[in-house]
1. In the stretch 140-161, is there at least one residue being hydrophobic (A, V, I, L, M, F, W, C), assigned to a loop (DSSP other than H, G, I, E, B), open to solvent by less than 40 Å² (accessible area, probe 1.4 Å) and more than 24 Å from Ser33 (Cβ to Cβ)?
2. Identify all residues within the stretch 412-435 that are at pLDDT 80 or above and open to solvent by 50 Å² or more (accessible area, probe 1.4 Å); write none if there are none.
3. From the list Asp276, Asp255, Asp220, pick out the single residue that is acidic (Asp, Glu), modelled with pLDDT under 95 and buried (at least 18 other Cβ atoms within 10 Å of the Cβ).
4. Quick test for you: out of Gly264, Gly245, pick the one residue that is of a type outside the set (Lys, Arg) and either surrounded by fewer than 24 Cβ atoms within 10 Å (Cβ to Cβ) or at pLDDT 95 or above (or both).
5. Condition test on Thr146, is it within 19 Å of the chain's Cα centre (by Cα) and hydroxyl-bearing (Ser, Thr, Tyr)?
6. Kindly list the number of the only condition in (1) in a helix (DSSP H, G or I); (2) under 21 Å from His154 (Cα atoms); (3) hydrophobic (A, V, I, L, M, F, W, C) that fails for Ile284.
7. For the stretch 299-342, enumerate the residues that are open to solvent by less than 10 Å² (accessible area, probe 1.4 Å) and under 22 Å from Ser398 (Cα atoms).
8. Can you tell me which of Leu50, Leu38, Leu75, Leu32 is open to solvent by 30 Å² or more (accessible area, probe 1.4 Å), of a type outside the set (D, E, K, R) and in contact with a Cys (Cβ under 9 Å, 6 or more places away or on another chain)?
Amino acid sequence: MEEEEARCFLGRFVDDFPAALEEGSPLPVSPLSRKVSLQELPGESLDLGLRLLASRGAAAGLSALLCQAALSQLLQSDLSPFHCPQEAEADQEEEEQVILLESVEVQRLFLNKLIDVASTWYQNFPKLPPSSSRFLRCSVHAIKNTRRKMEDKHLALAEFNQLFGIQDGVERAYYAVFDGHGGVDAATYTATHLHVALSKQETLQSDTATAFKSAFKQTDDMFRGKARRERLRSGTTGVVVLIQGQELTVAWLGDSQAILVRKGQTVSLMDPHKPDREDEKQRIEDLGGCITFMGCWRVNGTYAVSRAIGDFDQKPYVSGDADCSVTQLFGDEDYILLACDGFFDAVKPSEVPHLVLDALQQPVDPEGGGDAQLEQSEHDVGLRVAQQLVGHAKAAGSSDNITVILVFLRPPEQLLAQDSTTGTAQATSGAAPQQ
């Protein structure tokens with residue numbers, strides 16, 4: 001069935017793009033940047049390709065494989081014709097100037113590689129690596145709420161291995177929520193590049209925590225270059241989960257959070273970074289900074305977060321060093337929830353199991369609406385869970401941007417069956433430990 005669906009999509013895609021995009025023609029999807037460094041090219045190209053394929057209804061696994069193949073071809077190409085004149089960046093403070101590429105032109109080449117790969121596969125469908133059967137259900141919802149702008153970004157990537165051509169026999173899935181402040185640039189940048197940096201870490205399989213810390217630092221360093229070139233001042237907190245085999249790794253900066261629910265009870269995975277957390281306060285003061293209360297606790301009277309990507313005017317007080325925790329999975333876990341502080345400022349972790357169970361018991365609206373997503377049938381029992389969690393946080397008083405990702409580690413039908421037959425989840429949810 002998967003191969004038949006893939007062939008049908010490829011046929012439609014080839015009909016839409018029967019030939020390469022002509023020089024000077026508009027792109028079917030807009031690049032994130034006007035200029036892109038060689039280091040940024042993989043992340044921006046993958047983002048562009050995935051957005052294009054998703055807009056045309058491609059299955060996520062096929063999209064990842066197509067983009068990986070096209071990117072591989074792009075990186076083997078001569079990119080010198082797309083170099084920006086060096087003198088245009090002569091005011092850079094870096095000791096070594098960064099080579100920048102004209103984004104529209106180089107992404108046209110990438111999209112033409114993608115079109116060519118799709119055409120080749122349509123004519124002679126290849127034997128593709130199997131898609132992951134484990135990570136099927138992910139409910140996502142995000143709202144601007146009463147804020148003027150939406151500065152959250154999120155990414156749900158069950159096809160981590162396919163996107164990066166990893167074939168080591170270990171299943172991986174990646175989920176992330178980034179909560180931007182002072183603009184959306186830092187959040188967008190981190191959502192585009194952190195998973196790419198992580199995929200390149202040599203310690204990814206042997207020491208995932210070290211791999212995450214290196215990936216966060218590399219992303220922060222990369223964004224520093226872009227922020228200098230384009231005079232950007234934003235920052236972002238973030239929480240990221242990588243499920244690798246039977247191991248769950250959480251990495252975070254700032255006050256976005258992830259919790260695990262096992263048998264209806266919350267399991268603490270992390271302690272969010274807040275300026276008034278005693279060790280964070282001590283770290284900042286040891287550096288010569290201070291924590292002051294101005295409506296909330298702030299670093300040096302400015303940012304209300306103590307760790308973030310970006311915020312370079314307050315480094316190192318606002319640290320770019322991520323923390324990590326590793327948890328073994330035993331098969332009795334229910335789900336993982338990731339959310340920004342717009343959710344957790346209004347909802348206690350101990351409330352989550354009851355809220356999720358209540359949402360699962362609600363009838364599904366077949367008309368849909370909103371941006372809740374689940375990689376299953378639109379009538380799946382878990383479809384509206386994230387949407388209802390977001391709605392609860394808003395009703396509880398949150399005025400901030402709110403993003404929730406719920407990753408089911410067991411089918412939601414099993415959670416409902418467990419509650420109806422034993423009452424376990426309902427009975428224990430109220431007693432779950434608060435982080």
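1. Yes.
2. Correct list: Glu413, Gln414.
3. Asp255
4. Gly245
5. Against the criterion (within 19 Å of the chain's Cα centre (by Cα) and hydroxyl-bearing (Ser, Thr, Tyr)), Thr146 does not qualify.
6. Looking at each condition in turn, Ile284 falls short on (2).
7. Across the stretch 299-342, the qualifying residues are Ser306, Ala308, Ile336, Leu337, Leu338, Ala339, Cys340, Gly342.
8. Step by step, each of Leu50, Leu38, Leu75, Leu32 is checked, and only Leu50 is open to solvent by 30 Å² or more (accessible area, probe 1.4 Å), of a type outside the set (D, E, K, R) and in contact with a Cys (Cβ under 9 Å, 6 or more places away or on another chain).
The values are calculated or read from the model by the stated rules, or taken from the named source; none is laboratory data. For clarity, every value in this text was computed on a predicted model and none was experimentally measured. We place every Cβ from the backbone using ideal geometry, glycine too, and count neighbours over all the protein chains shown. Accessible surface is based on the protein model in full, side chains and every heavy atom, while ligands, DNA and RNA are left aside. Shrake-Rupley method; radii C 1.70, N 1.55, O 1.52, S 1.80 Å.
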